[in-house]
Amino acid sequence: MSKLVIVGTIAFDAIETPFGKTDKILGGAATFIGLAASQFNTDAALVSIVGGDFPESYLNLLRSKNLNLDGVEIVPDGKTFFWSGKYHLDMNSRDTLVTELNTLADFNPVVPQEYRDAKIVMLGNLHPMVQLSVIQQMSTRPDLVILDTMNFWMDSALDDLMTVIKEIDVITINDEEARQLTGEYSLVVAARKIRAMGPKYVVIKKGEHGALLFNNEEIFFAPALPLEEVFDPTGAGDTFAGGFAGYLAQAQEINFDVMKQAVIYGSCLASFCVEKFGTERMQDLPKEEIKQRLEQFKKLTHFKI
């Protein structure tokens, strides 16, 4: 069974959308990535940090999905990272109400020794130098290093971000971030410029409008499934990344065709994530439902010429 290392936040979220609001619930990039990746036949380890206020029941939930938590540091007298946000009516824009770094402020990830030869490393959205430190801990070069980042690091740590981008194989960012990083409006031109920075593959997420995959002169578009109800988009991008990385970790080989399938699996799982608040939909997602939805994705764009 191939090994997958997932680095990111395990957190508390409090979310308000036009359809309701929550108190503190389970969230964080590593949580969503891990729950999505657990759908595949892979040996995944989470690397993160939480405080003594983090419930054992949440840790047990993650363990029940066969996620290894040896790399999750628990600071008994610390508090867990907390984020609160309010979404606008279009569900594409939001206001951050509260961000409390807490234990995350001093996070120095330590990859468990037995996972330093992992096939895939999935670097969730963190400071670029924290992401780089994980790559440097690996005893052998992974088949793929996948990086997720955001415009905050482009604004505040661009030089560090450019340093880590040179060391990765795949980058996943949204369309706005791709344009900011390159100064190009055309996503085709933006992807070409990003590939020149280091990554072999560029995945540009477009939210409810799907995702684009670029490699050399090859381009693939994956649709997003039109849904009747979207309750909470928090974690959808991380769920996409988890499905993408999880599929690749159990794949026999890695090439553009396999990458295309990984993008579809990521999009499929992300479509479930938004149907309920937080991680609720992902906690007990039957494989049969995933199979049925994959067929829906296929029908969306299947045609003959």
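Among S267, S64, sorting on how many other beta-carbon atoms sit within 10 Å of each Cβ, with the fewest leading, yields S64, S267.
In a Gaussian network model over the chain where Cα atoms closer than 10 Å are linked, find which of G34, G207, G52 has the largest mean-square fluctuation. Between G34, G207, G52, it is G52 that shows the largest mean-square fluctuation. Footprinting exposure proxy ranking of T31, T279, fewest other C-beta atoms within 10 angstrom first, gives T279, T31.
Which whole-number percentage describes the relative contact order of the chain, with Cα contacts under 8 Å and a sequence gap of 6 or more? Walk me through the intermediate numbers first.
Working: 663 pairs, mean separation 54.6, N = 305.
Value for the chain: 18 percent.
Comparing mean-square fluctuations of T22, T234, T149 from a GNM of the chain with C-alpha springs under 10 Å, the top value falls on T22.
For L147, neighbours were defined as the other residues whose beta-carbon sits under 14 Å from its Cβ, and their charges (Lys and Arg +1, Asp and Glu -1) total -2. The slack in the chain from E229 to R94, taken as 0.36 nm per residue of separation less the alpha-carbon distance, amounts to 46.8 nm.
Would you please classify the overall shape of the range 239-305 from the alpha carbon gyration tensor, given that a ≥ b ≥ c denote the square roots of the eigenvalues, rounded means a/c under 1.5, and beyond that prolate means a/b larger than b/c while oblate covers the rest?
Details: a/c = 2.18, a/b = 1.26, b/c = 1.73.
Judged from the Cα gyration tensor, the range 239-305 comes out oblate (a/c at least 1.5, b/c at or above a/b).
Between I305 and H209, the modelled label-to-label distance comes to 2.3 nm, taking each label 7 Å out from Cα in the direction of the beta carbon.
Spatially, the range 73-130 and the range 226-305 are offset by 22 Å when compared through their Cα centroids.
Can you give the percent of C-alpha pairs in the range 1-109 whose distance is more than 17 Å?
Numbers: 3230 of 5886 pairs.
Of all Cα-Cα pairs in the range 1-109, 55 percent lie more than 17 Å apart.
Using only DSSP helix segments of four residues or longer, with each worth -39500 (n - 2.57), what per-residue ellipticity at 222 nm results for the chain after dividing by its residue count and rounding to 500? Please list the in-between numbers first.
Details: 11 runs with 113 residues, N = 305.
That comes out to -11000 deg cm²/dmol.
With contacts taken as Cα pairs under 8 Å and at least 6 residues apart, the range 32-121 reaches a relative contact order of 28 percent. A value for mean projected area of the Cα convex hull in nm² was derived from the coordinates, and within the list (1) 16.8; (2) 17.6; (3) 15.3 it appears as (3).
Could you pull out the longest piece of the chain with no exposed loop GluC sites (Glu not before Pro) in it, calling a site exposed if DSSP puts it outside H, G, I, E, B and it has at most 13 other Cβ atoms within 10 Å?
Working: sites that count: E217, E228, E229, E253.
Longest gap between qualifying sites, sites excluded: 1-216.
Between their Cα atoms, which of K260/K287; K206/K260; K119/K287; K21/K276; K65/K287; K200/K299 are more than 18 Å away from each other? Over 18 Å Cα-Cα: K260/K287; K119/K287; K200/K299.
Cross-link reach is defined here as a Cα-Cα straight distance under 12 Å, omitting same-chain residues fewer than 8 places apart; for K193 the aspartates and glutamates meeting it are E184. May I ask you to list the lysines whose Cα is less than 16 Å away from that of K79, ignoring any residue fewer than eight positions away on the same chain? Here the lysines satisfying the reach criterion relative to K79 are K24. For the range 167-245, the set of chymotrypsin sites (Phe, Trp or Tyr not before Pro) satisfying both a DSSP loop assignment and a count of at most 11 other C-beta atoms within 10 Å is given as Y185. Stretching the chain fully between Q113 and R141 yields a gain of 8.6 nm (0.36 nm per residue, less the alpha carbon separation).
Values quoted throughout were computed directly from the atomic coordinates according to the rules given, and no laboratory measurement underlies them. Note that the structure is a prediction, hence the values are computed from the model and not measured. Methodologically, a virtual Cβ is constructed for each residue, glycine included, from the backbone with ideal geometry; neighbour enumeration extends over all protein chains shown.
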